[in-house]
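Worksheet for the structure shown next.
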Amino acid sequence: MTTPKLKTCVNGHQFYKSSDCPSCPICEQQRKPKDNFLALIGAPARRALEREGITTLKKLSTYTEKEILNLHGMGKSTLPKLFNALKEAGLKFSSENTATHTEYRTYNDSQNSEDKQICNLLAETINQQLKEAENKLWHGHPVWFINGNPIVGYSKQKNGIRLMFWSGADFEEEKLNVRGGKFKDASIFFNSVTEINIKDLKRWLKKSKEIQWDYKNIVKRKGKLVRIET
């Protein structure tokens, strides 16, 4: 049996541990949430969720049980606690059959720290506001579609994370000032998550459902765009 060794964390707390795990139990206890579902689970599982940006039950409900269980640090004993917390909030885990495509998570995780925060906030807000939309990687980056028509997406470019609305030129929004030369798209660039105005973003997403040009059938119409009656 390994003899516990006295250790000191970066905050000066002293504790005994027999493993090489560097986490300080005193620090973990101090940072443990006291008023949300993360307070119900152990530190390894909590850190696993926090690494994925899962800090709300609504965000948790977009994942399947299998996806959560696959997170490093997550044990099977934690799932019933998460299930009950979701149930009390009127939510549930996403299912394999009904879940929207979540390839955007892999795309987001491939970005640097700041860009990942931007992408995660964009994806979370888009999913909340466009519940009927289907998401998939299209031309290498996340795009949301309604009835097969591209609505909104984002991509990493030289000038930052570009958020693009395929029909945004008709939104009459001053901040969407990066315009396509041929079609009806309009975009905005972000270089920090603090630059994202959630109120603006929700308004743009509302307009994206109401104002749509038919890109789905543009090839059939030989490059001609037609406004969709919504």
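The values are calculated or read from the model by the stated rules, or taken from the named source; none is laboratory data. This one's a predicted model, so the numbers in the text were calculated from it and none came from an experiment. Please note: Cβ atoms are built from the backbone with ideal geometry, for glycine as well, and neighbour counts cover all protein chains shown. Accessible surface is based on the protein model in full, side chains and every heavy atom, while ligands, DNA and RNA are left aside. Shrake-Rupley method; radii C 1.70, N 1.55, O 1.52, S 1.80 Å.
Quick rundown of the values:
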| quantity | calculated |
| --- | --- |
| Where a residue in segment 190-202 is modelled with pLDDT of 95 or more and in a strand (DSSP E or B) and its partner, wherever it lies, is open to solvent by less than 30 Å² (accessible area, probe 1.4 Å) and of a type in the set (A, V, I, L, M, F, W, C), with Cβ under 7 Å and at least six apart | 190/118; 190/161; 190/163; 190/196 |
| Evaluation of residue 172 against (1) over 20 Å from residue 136 (Cβ atoms); (2) in a strand (DSSP E or B) (one fails), failing number | (2) |
| Among (1) among the basic types (Lys, Arg); (2) at pLDDT below 95; (3) within 29 Å of residue 184 (Cβ to Cβ), the one test that residue 162 misses | (2) |
| Every residue from segment 91-111 that is under 14 Å from the mean Cα position of the chain (by Cα) and at pLDDT 60 or above | 102, 103, 104, 105, 106, 107, 108, 109, 110, 111 |
| Pairs where the first residue, in segment 120-147, is under 15 Å from residue 216 (Cβ atoms) and the second is assigned to a helix (DSSP H, G or I) and open to solvent by less than 10 Å² (accessible area, probe 1.4 Å), C-beta under 6 Å, 6+ apart | 144/126 |
| Single condition residue 78 does not satisfy, out of (1) within 25 Å of residue 207 (Cβ to Cβ); (2) at pLDDT 90 or above | (1) |
| Positions within segment 38-66 being crowded, with 16+ Cβ neighbours inside 10 Å, more than 11 Å from residue 91 (Cβ to Cβ) and among the β-branched types (Val, Ile, Thr), in sequence order | 41, 54, 64 |
| Residue, farthest from residue 151 (Cα to Cα), within segment 170-224, restricted to residues that are open to solvent by 70 Å² or more (accessible area, probe 1.4 Å) and among the β-branched types (Val, Ile, Thr) | 194 |
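A quick yes/no check of all residues on (1) at pLDDT 70 or above; (2) within 30 Å of residue 192 (Cβ to Cβ):
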position	(1), (2)
1	no, no
26	no, no
44	yes, no
61	yes, yes
83	yes, no
